[in-house]
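One structure is given here, and the rest of the page talks about it.
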Amino acid sequence: MPTKSTKAKAKTTGLNKKQLSHLEKRLLEERARVIKELGHYGESFNSSLQASDGDLSSYSFHMADQGTDAMEREKAFLFASQEGRYLWHVNEALRRLYSAPEKFGRCEQCGELIGFDRLDALPHARLCIKCKAKEEDGKRR
């Protein structure tokens, strides 16, 4: 049966160096992937000036083509915007990891240790499962 001192020790010990190194690698891989993806979006924004049929004009002559072009540009912008927000979260996680590695992996609300499995799946997680569920329940109301 765990005693008070073992409970306190379990609460204070964070992630070990191997786990932190693994999470750093995962975050850096995610960052590289997102930057590459954003580069593809940038290329598609630049290439949208030239139509796929080789026409140098960025204007369509048919209303249906104009609507489709506008919808595709808007969709690409939304995807790029979403990736940009995700990149911000990844960069923030790296900042937290580098500035205070002993605090990385702790819930920002309750201070409990975030499970390594959760961090492995979502390395930029700031909240434990319980606090994240409370946050999402609050947003639904």
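Here, each number is a calculation from the coordinates, and none is a lab measurement. Note that the structure is predicted; figures quoted are calculated from it, not measured. Every residue, glycine as well, gets a Cβ built from its backbone with ideal geometry; the counts of neighbours run over all protein chains shown.
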| request: Compute the separation of the alpha-carbon centres of segment 118-141 and segment 99-117 and state it in Å as a whole number. | output: 12 Å
| field | Global form of segment 75-141, assessed from the alpha-carbon gyration tensor, a/c cut-off 1.5 | value | oblate
| request: Take each of the peptides 126-133, 75-82, average the number of other beta-carbon atoms within 10 Å over its residues, and list them starting from the highest. | output: 126-133, 75-82
| Links that overshoot a 23 Å alpha carbon limit, given the list LYS18/LYS103; LYS103/LYS132; LYS75/LYS132; LYS103/LYS130; LYS25/LYS134 | LYS75/LYS132; LYS25/LYS134
